[in-house]
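Data first, discussion second: the structure below is written as structure tokens.
The values are calculated or read from the model by the stated rules, or taken from the named source; none is laboratory data. Keep in mind the model is a prediction, meaning the values are calculated, not measured. Cβ: placed from backbone, ideal geometry, glycine included. Neighbour counts: every protein chain shown. Accessible surface areas use protein heavy atoms only, side chains included; no ligands, DNA or RNA. Shrake-Rupley method; radii C 1.70, N 1.55, O 1.52, S 1.80 Å.
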Amino acid sequence: GAGVSQSPSNKVTEKGKDVELRCDPISGHTALYWYRQRLGQGLEFLIYFQGNSAPDKSGLPSDRFSAERTGESVSTLTIQRTQQEDSAVYLCASSTLGYRNQPQHFGDGTRLSIL
Amino acid sequence: GENVEQHPSTLSVQEGDSAVIKCTYSDSASNYFPWYKQELGKRPQLIIDIRSNVGEKKDQRIAVTLNKTAKHFSLHITETQPEDSAVYFCAATGSARQLTFGSGTQLTVLP
């Protein structure tokens, strides 16, 4: 596709439920990143995938958060037993190579609201 | 890990004036410094970036300067227009591959 695609665009769920967020990176981009953006704040790194290498999970805030990616395609971010503090916009980005100086291109994000 | 501080948090300028946003970083290994513009409810969009082998880069009304010795970099917007109003984020790559973002600057250009 032309850009990074995320779905759903909005998700409202009850506390304690599990949610799954999807990211479809730009075709050919080997690196994929997940970030969390709370209202009025900056972006917090969550997890990074580069090809078939082991992902960098150092930003995941708790064991309720997990993510998967098969090869260089779609990624899913799963939040189990959601809490109200999980409410945020979850942004996905991709880049051509997983080096430190390549531009990252963002999707529109998924706005997650926990009731 | 990397720590990025951004100032000011809010900035109001008159249309046509210049705006300057400053960031500092902590990791001397950082070598890539992008700036993103985020309009309300929209995705962050890359507007300019600079690598550590360059001290300044300009693209029309936007310029970025980098001082590696002092570990700070700045965004300069000249001849501001109302459509420049948005939140601007600086970022830096530390020893890891992910970007560490500043906390953002809400720029308002007054007509």
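Against the condition within 14 Å of chain A (Cβ to nearest Cβ), modelled with pLDDT of 95 or more and open to solvent by less than 40 Å² (accessible area, probe 1.4 Å), how does B:Tyr25 come out, does it pass?
On the way: within 14 Å of chain A (Cβ to nearest Cβ): yes; modelled with pLDDT of 95 or more: yes; open to solvent by less than 40 Å² (accessible area, probe 1.4 Å): yes.
When the stated conditions are applied, B:Tyr25 passes them.
Looking only at region A:3-25, decide whether some residue is under 22 Å from B:Asp49 (Cα atoms) and within 10 Å of another protein chain (Cβ to nearest Cβ). I'd like the intermediate steps shown before the answer.
Going through region A:3-25, the residues under 22 Å from B:Asp49 (Cα atoms) turn out to be A:3-4, A:25.
Remaining after also requiring within 10 Å of another protein chain (Cβ to nearest Cβ): A:3-4.
Checking region A:3-25: at least one residue is under 22 Å from B:Asp49 (Cα atoms) and within 10 Å of another protein chain (Cβ to nearest Cβ).
Pick out the one residue from B:Leu46, B:Leu40 that is closer than 20 Å to B:Ala19 by Cα, more than 15 Å from the chain's Cα centre (by Cα) and either at pLDDT below 95 or at the interface with chain A (Cβ under 9 Å from one of its Cβ atoms) (or both). Can you show your working first?
Numbers: B:Leu46 fails: more than 15 Å from the chain's Cα centre (by Cα).
Criteria check complete, one pass: B:Leu40.
Here's a check for you: in region A:81-115, which residue that is away from every other protein chain (no Cβ under 14 Å) and acidic (Asp, Glu) is nearest to B:Lys42 (Cα to Cα)?
The qualifying residue nearest to B:Lys42 (Cα to Cα) is A:Asp86.
How about region B:56-84: which of its residues are polar (S, T, N, Q), free of Cβ contacts under 8 Å to residues at least 40 places away in the same chain and part of a loop (DSSP other than H, G, I, E, B)? If you could, list the steps in order and put the result at the bottom.
Kept after step one, since they are polar (S, T, N, Q), are these residues of region B:56-84: B:60, B:65, B:67, B:69, B:74, B:78, B:80-81.
Remaining after also requiring free of Cβ contacts under 8 Å to residues at least 40 places away in the same chain: B:60, B:65, B:67, B:69.
Across region B:56-84, the qualifying residues are B:Gln60, B:Thr69.
When residues of region A:38-47 are filtered for being open to solvent by less than 20 Å² (accessible area, probe 1.4 Å) and more than 7 Å from chain B (Cβ to nearest Cβ), how many remain?
Just the residues of region A:38-47 that are open to solvent by less than 20 Å² (accessible area, probe 1.4 Å), to begin with: A:42-43, A:46-47.
Imposing the further condition that a residue be more than 7 Å from chain B (Cβ to nearest Cβ) reduces the set to A:46-47.
Adding up the residues that qualify gives 2.
Could you go through region A:71-80 and let me know if any residue there is without any contact (Cβ under 8 Å) to a residue 40 or more places away in the chain, out of contact with any helix residue (DSSP H, G or I) (no Cβ under 8 Å at 6 or more places or on another chain) and more than 9 Å from chain B (Cβ to nearest Cβ).
Keep residues of region A:71-80 that are without any contact (Cβ under 8 Å) to a residue 40 or more places away in the chain, which gives A:71.
Then drop every residue that is not out of contact with any helix residue (DSSP H, G or I) (no Cβ under 8 Å at 6 or more places or on another chain), which leaves A:71.
With more than 9 Å from chain B (Cβ to nearest Cβ) added as a condition, the list becomes A:71.
Within region A:71-80 (the criterion being without any contact (Cβ under 8 Å) to a residue 40 or more places away in the chain, out of contact with any helix residue (DSSP H, G or I) (no Cβ under 8 Å at 6 or more places or on another chain) and more than 9 Å from chain B (Cβ to nearest Cβ)), the answer is yes, since at least one residue qualifies.
Hey, could you check region B:28-55 for residues that are over 18 Å from A:Tyr35 (Cβ atoms) and in contact (Cβ under 8 Å) with a residue 24 or more places away in the chain and say which is most open to solvent (accessible area, probe 1.4 Å)? Write out each step before concluding.
Taking region B:28-55 first, the residues over 18 Å from A:Tyr35 (Cβ atoms) are B:28-29, B:31, B:48, B:50-55.
Then drop every residue that is not in contact (Cβ under 8 Å) with a residue 24 or more places away in the chain, which leaves B:28-29, B:31, B:48.
Numbers: B:Ser28: 85, B:Ala29: 40, B:Asn31: 38, B:Ile48: 8 Å².
Ranking the candidates gives B:Ser28 first.
Here's a check for you: in region A:98-109, which residue that is modelled with pLDDT of 80 or more and open to solvent by less than 10 Å² (accessible area, probe 1.4 Å) is farthest from A:Gln50 (Cα to Cα)? I'd like the intermediate steps shown before the answer.
Residues of region A:98-109 that are modelled with pLDDT of 80 or more, as a first pass: A:102-109.
Going one step further and asking which of them are open to solvent by less than 10 Å² (accessible area, probe 1.4 Å), we end up with A:104, A:106-107, A:109.
Values: A:Gln104: 13, A:Phe106: 16, A:Gly107: 18, A:Gly109: 20 Å.
Across region A:98-109, the extreme among qualifying residues is A:Gly109.
Go over the candidates A:Ser53, A:Ser95, A:Ser62 one by one and state the one that is surrounded by 15 or more Cβ atoms within 10 Å (Cβ to Cβ) and of a type in the set (Gly, Ala, Ser). Steps first, answer last, please.
Values: A:Ser53 fails: surrounded by 15 or more Cβ atoms within 10 Å (Cβ to Cβ); A:Ser62 fails: surrounded by 15 or more Cβ atoms within 10 Å (Cβ to Cβ).
When all the criteria are applied, what remains is A:Ser95.
Could you grab me the full set of residues in region B:58-111 that are within 13 Å of chain A (Cβ to nearest Cβ), surrounded by fewer than 18 Cβ atoms within 10 Å (Cβ to Cβ) and more than 20 Å from B:Gly1 (Cα to Cα)?
From region B:58-111, those within 13 Å of chain A (Cβ to nearest Cβ) are B:66, B:87-106; that's our starting set.
This time we only want the ones that are surrounded by fewer than 18 Cβ atoms within 10 Å (Cβ to Cβ), so: B:95-96, B:103, B:106.
Scanning region B:58-111 gives a single hit, B:Gln106.
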